[in-house]
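Student: Structure incoming, see below.
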């Protein structure tokens, strides 16, 4: 079963994505803050991570940098999911190793699910 970690501080958005991914057969775990995400990923590695940028305590770009800086977690695909749509944030996220940057208002949950499935298919195909 594919495992997804959703790191999102807005409970309504988190729940929306939890429902969409659960419906599609994913095992879903969540976090509402960037603090502790790295340790959570080490303990229970997900297949993919949806990561918001604006989070309490530790922001998503800091979490992304830590994940991609560790060989143990660097191979896990991370999709940034944010309301920020400035080129600075997008460029920084991609430079740090995000596979995709999604502006929340531009995608419906079903589109995000389809995108996640496609990325995971590509990752799986690349491992063969």
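Student: Are any residues in region 10-39 touching a strand residue (DSSP E or B) at 6+ places or on another chain (Cβ under 9 Å) and in a loop (DSSP other than H, G, I, E, B), and if so, which ones?
Tutor: Across region 10-39, the qualifying residues are 26, 32, 33, 34.
Student: Moving on to the next point. Looking at (1) touching a helix residue (DSSP H, G or I) at 6+ places or on another chain (Cβ under 6 Å); (2) in a helix (DSSP H, G or I), which is the one condition that is false for residue 42?
Tutor: Here residue 42 meets the rest and fails (1).
Student: Please enumerate the residues belonging to region 91-103 that are assigned to a helix (DSSP H, G or I) and either crowded, with 17+ Cβ neighbours inside 10 Å or more than 14 Å from the chain's Cα centre (by Cα) (or both).
Tutor: Selection gives 91, 92, 93, 95, 96.
Student: Additional query: Using the structure shown, decide if residue 5 is closer than 20 Å to residue 118 by Cβ, buried (at least 21 other Cβ atoms within 10 Å of the Cβ) and touching a residue at least 60 places away in the same chain (Cβ under 8 Å).
Tutor: No, not satisfied.
Student: Which of the residues belonging to region 16-37 are farther than 14 Å from residue 81 by Cβ, more than 12 Å from the chain's Cα centre (by Cα) and surrounded by fewer than 21 Cβ atoms within 10 Å (Cβ to Cβ)?
Tutor: Answer for region 16-37, where residues must be farther than 14 Å from residue 81 by Cβ, more than 12 Å from the chain's Cα centre (by Cα) and surrounded by fewer than 21 Cβ atoms within 10 Å (Cβ to Cβ): 19, 22, 23, 24, 25, 27, 33, 35, 36.
Student: Yes or no: residue 53 modelled with pLDDT of 95 or more, within 20 Å of residue 89 (Cβ to Cβ), in contact with a strand residue (DSSP E or B) (Cβ under 7 Å, 6 or more places away or on another chain) and not in a helix (DSSP H, G or I)?
Tutor: The answer is no for residue 53.
Student: Sticking with this structure for a sec: What's the number of the condition residue 70 fails, among (1) in a loop (DSSP other than H, G, I, E, B); (2) at pLDDT 95 or above; (3) surrounded by 16 or more Cβ atoms within 10 Å (Cβ to Cβ)?
Tutor: Checking residue 70 against (1) in a loop (DSSP other than H, G, I, E, B); (2) at pLDDT 95 or above; (3) surrounded by 16 or more Cβ atoms within 10 Å (Cβ to Cβ), the one that fails is (3).
Student: OK, next. Checking the condition without any contact (Cβ under 8 Å) to a residue 24 or more places away in the chain and more than 21 Å from residue 92 (Cβ to Cβ), which residue from 39, 27 passes?
Tutor: Result of the check over 39, 27: 39.
The values are calculated or read from the model by the stated rules, or taken from the named source; none is laboratory data. None of the values given here were measured: they were computed from a predicted structure. Heads up, the Cβs are rebuilt from the backbone with ideal geometry, glycines too, and the neighbour counts pull from every protein chain shown.
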